[in-house]
Amino acid sequence: MLAALENDQFEVFYQPQISAHTMELSGVEALVRWHHPTRGQLTPGHFIGTAETTGSIARIDALVLQKASKQFKTWAQNGVSIPHLSVNISAQRLIDAALLDDISESQLEPGQLCIELLESISFDERDTSLETAVRAIKTLGVDVEIDDFGTGYASILSLLALSPKRLKIDRQLVFPITTGQRQRRLVASIVEIGKALGIEVIAEGVETADHVRILRDLGVNAFQGYFFAPPLSAAALADFAQEKAGFRKYREARQHSSLLGVLSGTRPFKNSVSR
Ligand code: C2E
Ligand code: MG
Ligand code: MG
């Protein structure tokens, strides 16, 4: 793994997040991939555990932040507008002395960068070091998301103390909502917790049109999952964003021309609002 860091074998992929309100791109999550010399492309499940026990995870997280923030600025320079970038941060990285400097060096605007913390990171009330670290990160204008919500042990009190921007409902809770009322009510109650605390809720593992419909009815703010796109290379993500933006421009142009038609009397108003 150290050789992989030296030899630049880690690449960052990006998975789109879609606003439930507008169905447009609301952000991307950076997800690391390892181009292993003999085993091919590896997903984090194959190496994150070892990276944690050998202490290399903080270096991988640092590299992902550096590469992803550089990519984010390149997209912007090329006219590809992405509202925000989320990166996953391990507990080891959260208390890494270099984290705050690295965030400052990423030179992203306030609100553009978001860090995802696993719910399973213990936000124990007696151990306030993680909470102090989160507070310091937030003063730099970085948002915090709680990842895999529903699988860890975050208490309501720790949620209030951390006041994250978003909760990401774990895909194990999202997947079964098409099969039963109880599963839907569970997700609905997480949405309610979010509303009560002023925290947005994003659903992970959105795989079907039924998921989208039900989650939207339940009041989820955003979606992430294979239904929209898997994690994509930087170039493929740019294509995805351009396609979405192109579709929006086409739709706006259609609305505009329909409206002109109404104003000039060539088109009845009831046909002028296209979706
Ligand atoms: P995560 O942060 O919860 O990321 C979402 C994972 O779900 C990704 O797996 C993604 O490919 C997968 N996924 C997305 N949509 C769907 C779907 O519709 N269905 C299903 N079944 N899966 C979906 P991936 O890329 O293998 O990453 C696994 C985990 O590894 C991540 O879970 C995250 O906890 C961790 N990870 C990834 N990159 C980094 C990193 O740079 N640093 C750290 N510390 N952890 C990372
Ligand atoms: Mg994540
Ligand atoms: Mg997750």
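The values are calculated or read from the model by the stated rules, or taken from the named source; none is laboratory data. The structure displayed is predicted, hence computed values, not measured ones. All Cβ positions, glycine included, derive from the backbone under ideal geometry; neighbour counts span all protein chains shown.
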The condition of being charged (D, E, K, R), at pLDDT below 95 and more than 16 Å from ligand 3 (Cβ to nearest atom) holds, among ASP127, ASP217, ASP102, only for ASP127
Among residues of the stretch 40-90 being touching a helix residue (DSSP H, G or I) at 6+ places or on another chain (Cβ under 8 Å) and in a loop (DSSP other than H, G, I, E, B), the residue farthest from ligand 3 (Cβ to nearest atom) is ASN78
Within the stretch 24-41, residues being surrounded by 17 or more Cβ atoms within 10 Å (Cβ to Cβ) and either hydrophobic (A, V, I, L, M, F, W, C) or touching a Lys or Arg at 6+ places or on another chain (Cβ under 8 Å) (or both) number 6
Practice problem: With the condition kept exactly as written, say whether any residue in the stretch 169-178 is within 16 Å of ligand 2 (Cβ to nearest atom), within 28 Å of ILE95 (Cβ to Cβ) and among the aliphatic types (A, V, I, L, M). | Solution: yes
Across the stretch 1-23, the tally of residues that are surrounded by 15 or more Cβ atoms within 10 Å (Cβ to Cβ) and without any contact (Cβ under 8 Å) to a residue 12 or more places away in the chain stands at 1
It is to be established whether one or more residues within the stretch 244-251 are of a type outside the set (Asp, Glu), under 27 Å from SER86 (Cα atoms), modelled with pLDDT under 95 and surrounded by 15 or more Cβ atoms within 10 Å (Cβ to Cβ). yes
Practice prompt. Inspect the stretch 239-251 for any residue being in contact with an Asp or Glu (Cβ under 6 Å, 6 or more places away or on another chain) and of a type outside the set (D, E, K, R) and give the result as yes or no.
Written response: no
Per the filter on the stretch 81-104, residues away from ligand 2 (no atom under 16 Å from the Cβ), without any contact (Cβ under 8 Å) to a residue 40 or more places away in the chain and either closer than 22 Å to ALA51 by Cβ or touching a Lys or Arg at 6+ places or on another chain (Cβ under 7 Å) (or both) are ILE95, ASP96, ALA97, ALA98, LEU99, ASP101, ILE103
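Would you confirm, using the coordinates I've provided, whether ILE121 is at pLDDT below 90, within 16 Å of ligand 3 (Cβ to nearest atom) and closer than 27 Å to GLN66 by Cβ? Give the derivation first.
Values: at pLDDT below 90: yes; within 16 Å of ligand 3 (Cβ to nearest atom): yes; closer than 27 Å to GLN66 by Cβ: yes.
Yes.
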